[in-house]
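Accompanying notes for the structure given below.
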Number of protein chains: 4
Amino acid sequence: MQAFVMKELGEVGFAEKDKPDVGPNDARLRPTKGLVCTSDVHTVHGAIGERENLTLGHEMVGIVDAVGTEVEDFEAGDRVVVGAITPDWGSAAAQDGHSSQSNQALGGWKFANVKDGVFAEYVHVNEGDANLAHIPESVTDEEAAYVTDMMSTGFMGAENADIPVGGSVAVFAQGPVGLMATKGAALQGAGRIIAVETEPNRQELAREYGADDIVDFAEGDPVEQIMDLTDDEGVDSAIEALGRTETFEQCVKVTKPGGTISNVGYHGEGEYVNIPREEWGVGMAEKTINTGLCPGGRLRLQRLLRLLETERVDPTLMTSHEFPFEKTDEAFRLMETKEDDIIKPLINFE
Amino acid sequence: MQAFVMKELGEVGFAEKDKPDVGPNDARLRPTKGLVCTSDVHTVHGAIGERENLTLGHEMVGIVDAVGTEVEDFEAGDRVVVGAITPDWGSAAAQDGHSSQSNQALGGWKFANVKDGVFAEYVHVNEGDANLAHIPESVTDEEAAYVTDMMSTGFMGAENADIPVGGSVAVFAQGPVGLMATKGAALQGAGRIIAVETEPNRQELAREYGADDIVDFAEGDPVEQIMDLTDDEGVDSAIEALGRTETFEQCVKVTKPGGTISNVGYHGEGEYVNIPREEWGVGMAEKTINTGLCPGGRLRLQRLLRLLETERVDPTLMTSHEFPFEKTDEAFRLMETKEDDIIKPLINFE
Amino acid sequence: MQAFVMKELGEVGFAEKDKPDVGPNDARLRPTKGLVCTSDVHTVHGAIGERENLTLGHEMVGIVDAVGTEVEDFEAGDRVVVGAITPDWGSAAAQDGHSSQSNQALGGWKFANVKDGVFAEYVHVNEGDANLAHIPESVTDEEAAYVTDMMSTGFMGAENADIPVGGSVAVFAQGPVGLMATKGAALQGAGRIIAVETEPNRQELAREYGADDIVDFAEGDPVEQIMDLTDDEGVDSAIEALGRTETFEQCVKVTKPGGTISNVGYHGEGEYVNIPREEWGVGMAEKTINTGLCPGGRLRLQRLLRLLETERVDPTLMTSHEFPFEKTDEAFRLMETKEDDIIKPLINFE
Amino acid sequence: MQAFVMKELGEVGFAEKDKPDVGPNDARLRPTKGLVCTSDVHTVHGAIGERENLTLGHEMVGIVDAVGTEVEDFEAGDRVVVGAITPDWGSAAAQDGHSSQSNQALGGWKFANVKDGVFAEYVHVNEGDANLAHIPESVTDEEAAYVTDMMSTGFMGAENADIPVGGSVAVFAQGPVGLMATKGAALQGAGRIIAVETEPNRQELAREYGADDIVDFAEGDPVEQIMDLTDDEGVDSAIEALGRTETFEQCVKVTKPGGTISNVGYHGEGEYVNIPREEWGVGMAEKTINTGLCPGGRLRLQRLLRLLETERVDPTLMTSHEFPFEKTDEAFRLMETKEDDIIKPLINFE
């Protein structure tokens, strides 16, 4: 079968691979739609180290091709979505409420990390009953592709931010995850959402997803702008959706004492991420710092799909480009360069 | 000054009273708008026992008339809202996070309970700095009147229901508090909201505020209807907004194991409120039962006002009638009989 | 193999059964020590309905006899403990943090309920990697047998009671679960523990496990006694460890507004469990009612075993009798009659 | 009256001051016992900036000398304790559950910060009803002095660490706050407590307060030692009780994914406190970072006093020295140099 792979550090392309086997608890899918993620770009640039001919991609929906002997709730032909994160549900971390950390830090992240990803003709899924969900009839494949990562991760950013009803929140960066964090903040009852972003098309989408104010960091220090907007009080919650220590610092600075910083961004560089000592209240201002990796699992997927069914959110506003599977390399290059106002490129497998 | 009072059990009318004094931490207000609450009716019918010439009412906005020596943030002339619940913020219960229970069960509820209410020309407020909030310019008096109780109580119903993002929730009864619980569920990210109600005008408002499904209990057992709607799974959360043991039982029955029942309704009758033993999982199904009394306090008011500023909610859809202060008795009678499709009657003081 | 079974409603005895098979994720154990539980008695008396030749028992430790192909962390010969509750870790309820409710209310409870229990020469365990734990060398089999249910359930009672550090708690009934709830309250930092019990030997054990005050309900209304002890304030938390509606009512009555009632007792009778309306604050006093079923799973077992390793608790004080496996019927009869000051009878399989 | 003051940066001594006035909500106390805190040393060395003739000290018990007109529960002659932190209970932060941050970061900390401290013949207390507590008869003044800060702060460190029952925790540094964090971890049900300390007398006290293992950082990298002790798993929770970025980093490193870092230490130096990027899981390992400032208030004091009444903890093991009030300078110097194995010096005012 054909797979779109990272051939080695810095190099992508197509490769011929064997169709994956199916163990007793597993499932095998045939993708119909996929989305390219900036994480795929990070991976190719070395974020997780050397890999050889690793299939890329972790956001997809598809059709069940085969299931293992122990799988009860799915069968060949079912239209399903699989999470970007596919936890080991019996692991100690999962039993402790941290399924995305199963067996090791970030251990629930398997696709295009410790095993082949989803940009292939067939895809292996561990623990099928627990990691797949049926797609309701009224939900399209394209919509459903967004629950795998963008909605799950972005909404998690808002959930971890402990936003009180009517509270204020600042969301740093309005890429696809930041946009979904903005929407997530609206879904958590935020009273005021301040989106930090400089790109006009992303600013506009941020407003669509619920932002009340836009802070353009190109027009001055975002910390000052946010403190001005909040009469120097700061916000109840800040969400870091970029993954840079500068942005993280700004989050700590704009959060009021007793508030919460929710980190969603992937921090790829440097020995440290810095907490500004004074604004952190010399370690005593009760500014909680939460982090998370995209939640996976059937229940999570079902709940996010329900938000699509009842039309609480339209993630397809973020689909800026479409490509057939055989042109995944073009989608990937665009994601790498961020040219052409790209937000998310959709991959059509059929 | 004139006050609309409960003369004795079962009898209301106007009475002449002294303007209230102002202690060091207190404030005195002149009301501009008020709302009549079904609780006022309960009170007159004996819910809190005998009272003589007790001024009724607990929902109002107004102008500061005077403040005590220790009050720092408010002064005469300020346009303000005061919560229906005005806690003693130094009490043990408030220090424990339960300000509405200050000093005794329901102890934060003072207006028209342990002291005169707000349907009067002047109103006394304890702990002015902590229990008042300035009204933002863009928010009308009428809108602000809804944060005192309806929005605070209804949203609390949803907050206490621990609704997961994308979760399912059933809201029993769509009176003003139930309607705001429905809206609150939407603001908490519910994926599906099932509203139980039989009155067409309330059903329609429920849809406006976010209900996806309406269950009309006149058309059959609501438990069966909800189990049907959810493929016999039940809902993640159920909100009791009526105050009857039958409804409470239904809430326990439709909530899935591990889910939450949030009681908002005032239970006025009977020795017991009943938990159905089997559906409660013989005491082991992890169906949590939460209750609450309307949260008060400046911070709560500010956050709810923010939701009005950013137009996340329009509570004035519930204003079905208007009366001048001198006709408060007519408003009261209508609230008692529930005639004329009444939802909330607005009182204009000026 | 020999098994101690419920032959039919009301009748127990030994039966010959086949050695259980082992599926890919399963394990098979040979018990070494077991404990008889009052739940076994309830079962024989009809608590879960009719059963035929169902093997009884759910508290045991033993040696691994065989494991399925997918089991990685255990092998034949390992000394292990298995929880009384053996959840399906991939189920929606487990993904939601309610593993004991997997697939249905109380669905994690399989032994001597939906499949054969542990009083047999060989025992089948579902999801071996997730539901077994190795026993540390310094912990005896007898000690370890207590983590399966008594410690896990009793401590859960205290955890669900949300006891503040230095808070006050009343524990109703000092059977084995109540005693472990008392110990659990001490381990949660309770400042004052009031144990309700009338049997002298249980009162004495309660003191050993941390009770500061004993309320003997034979000497007067326990509610009055507890209100007297707390200057009419009531307690922060109350734990129901008996399973009667009268005791449950008393829990609600002695809990202060804003406090928590934690139900652990199995409620076996009546259509309803009653909440006293007035003391529940007419549905508004913020008295939370939590319930739970014994938590299972490898992580839980490991954490409880750690408390044995560091000698934070000695559960063997509760072992009042010992019997060889072939005399399990005598142990069972004693548990049924509660004669001879029985607390827990230990079964020796070898 | 005489007061022990910080005359200017770096210089302490006695000064004559006026007896403080008492506003309507206030109280005035005469101290009987006090304790010197390392924070006093930090203050004199410039931690909070320049101050002139600021009375030092924030840990004391005493007798009520006078109360304001609005104070209801205390009167002259009462034996009381006052928290080191005396929040403004009506403030937005207090209403939000963060009373120690009232009105600004660390705003509940008034003694020897924004007003005179407690090392004086008379002491002013804001909001007397809310910030004082009566001392039970069986509790000595010396014992009670420890609830003001050491027990409240140390236990908070453990509470913020979210230690599961039977969980593992590492406590970095065993000064008085660290020792109480160790004891607090035991009171939270920790299954294993690893105390990091190099001083033999503190190691010994740590064991008395519940430490199971001692890691001596003089004997090698504490991170390596803790990872060895935990089979490379790390701990569920780590408590930073020193206030250095190196220790904070170690806390992040030894905490397992999904675990919690609780910062209690005062961080006095540097622009940043550093989070080690990789061990923080590149911002995605769900390692929560909590911080806090000593909780104050009557309820907190009462609960901690209850732990003394029921003899759950003996804080007086930490009293290593005693001085009369007129020799507070000697106590202070010893606290500065940490000579003579000092832990806590007790000040006798009478």
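Table for the structure above
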{"item": "Compactness relative to 2.2 N^0.38 Å, alpha carbon Rg of the stretch C:114-261", "result": "1.17"}
{"item": "Percentage relative contact order, the stretch D:1-88, counting C-alpha pairs under 8 Å, at least six apart", "result": "32 percent"}
{"item": "Alpha-carbon centroids, the stretch D:311-347 and the stretch D:35-88: separation in whole Å", "result": "18 Å"}
{"item": "The stretch C:318-349: GluC sites (Glu not before Pro) in DSSP coil with no more than 13 other Cβ atoms inside 10 Å", "result": "C:Glu339"}
{"item": "At 7 Å out from Cα toward Cβ: D:Gly13 inter-copy label distances (nm, ascending)", "result": "7.7, 8.2, 9.7"}
{"item": "Positive-pole candidate from A:Val235, A:Ala211, A:Val223, dipole of the stretch A:199-248, charges at beta carbon", "result": "A:Ala211"}
{"item": "Global form of the protein assembly as shown, assessed from the alpha-carbon gyration tensor, a/c cut-off 1.5", "result": "rounded"}
{"item": "Antiparallel content of DSSP bridges confined to chain C, in %, to 5", "result": "55 percent"}
{"item": "Label-point separation in nm, B:Lys115 to C:Thr38, each point 7 Å along Cα→Cβ", "result": "4.9 nm"}
{"item": "Debye log10 I(q)/I(0) for the stretch C:1-157, one point scatterer per Cα, at q = 0.14 Å⁻¹", "result": "-0.67"}
{"item": "Point-charge dipole on Cβ atoms (K/R +1, D/E -1) for the stretch B:20-96, about Cα centre, debye to 20", "result": "380 debye"}
{"item": "Angstrom value of the Kirkwood radius, inverse mean 1/r, which spans all Cα pairs in the stretch C:211-255", "result": "10.8 Å"}
{"item": "D:Asp231 versus A:Phe14: modelled label distance in nm, points set 7 Å from Cα along the beta carbon direction", "result": "4.8 nm"}
{"item": "FRET efficiency estimate (nearest 0.05) - Cβ-Cβ, A:Glu50 to C:Met1, R0 60 angstrom", "result": "0.70"}
{"item": "HN-Hα J in Hz across the stretch C:123-131 - Karplus 6.51, -1.76, 1.60, θ = phi - 60°, x for Gly and Pro", "result": "9, 8, 10, 7, 6, x, 4, 8, 10"}
{"item": "Net dipole in debye of the stretch D:154-291 [+1 Lys, Arg Cβ; -1 Asp, Glu Cβ; about Cα centre; nearest 20]", "result": "460 debye"}
{"item": "Fraction in percent of alpha-carbon pairs per bin - 10 Å, the stretch C:271-310", "result": "21, 27, 19, 25, 8"}
{"item": "Label-point gap, in nm, between A:Ser320 and C:Glu224 - each point 7 angstrom along Cα→Cβ", "result": "7.6 nm"}
{"item": "Chain B residue with Cβ closest to the axis mapping B onto C, distance in whole Å", "result": "B:Ile289, 2"}
{"item": "The stretch D:249-337 - Debye-derived log10 I(q)/I(0), Cα point model, q = 0.20, 0.23 Å⁻¹", "result": "-1.03, -1.08"}
{"item": "Average projection area in nm² (convex hull over Cα atoms of chain D, one quarter of hull surface)", "result": "16.8 nm²"}
{"item": "Placed amide H near D:Ile261: partners under 5 Å, 5+ positions off or other chain", "result": "D:Ala238, D:Thr288, D:Ile289, D:Asn290"}
{"item": "The stretch A:280-331 - Rg and Dmax from Cα coordinates, angstrom", "result": "18.9, 54"}
{"item": "Dipole-positive endmost among A:Phe74, A:Ala112, A:Val252 within chain A (Cβ charges, Cα centre)", "result": "A:Phe74"}
{"item": "For the stretch C:136-187, convex hull of alpha carbons as volume per residue, Å³", "result": "81 Å³"}
{"item": "Contact order normalised by residue count of the stretch C:154-291, Cα under 8 Å, 6+ apart, percent", "result": "24 percent"}
{"item": "Estimated [θ] at 222 nm from DSSP helical runs (n ≥ 4, -39500 (n - 2.57)) normalised by residues in the protein assembly as shown, nearest 500", "result": "-7000 deg cm²/dmol"}
{"item": "Rg to Rh quotient for the stretch C:227-296, alpha carbon positions, Kirkwood Rh", "result": "0.98"}
{"item": "Cβ charges +1 (Lys, Arg) and -1 (Asp, Glu), total dipole of the protein assembly as shown, debye", "result": "0 debye"}
{"item": "Sites matching GluC sites (Glu not before Pro) across the stretch B:74-177 that sit in DSSP coil, with at most 13 neighbouring C-beta atoms within 10 Å", "result": "B:Glu75, B:Glu137"}
{"item": "Per-pair calculated FRET efficiency, R0 = 60 Å: A:Thr198 and B:Asp329 via Cβ, rounded to 0.05", "result": "0.50"}
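Here, each number is a calculation from the coordinates, and none is a lab measurement. It should be emphasised that the depicted structure is a prediction, and the values quoted were computed from it without experimental measurement. Here Cβ is always computed from backbone atoms with ideal geometry, including for glycine, and neighbour counts include all displayed protein chains.
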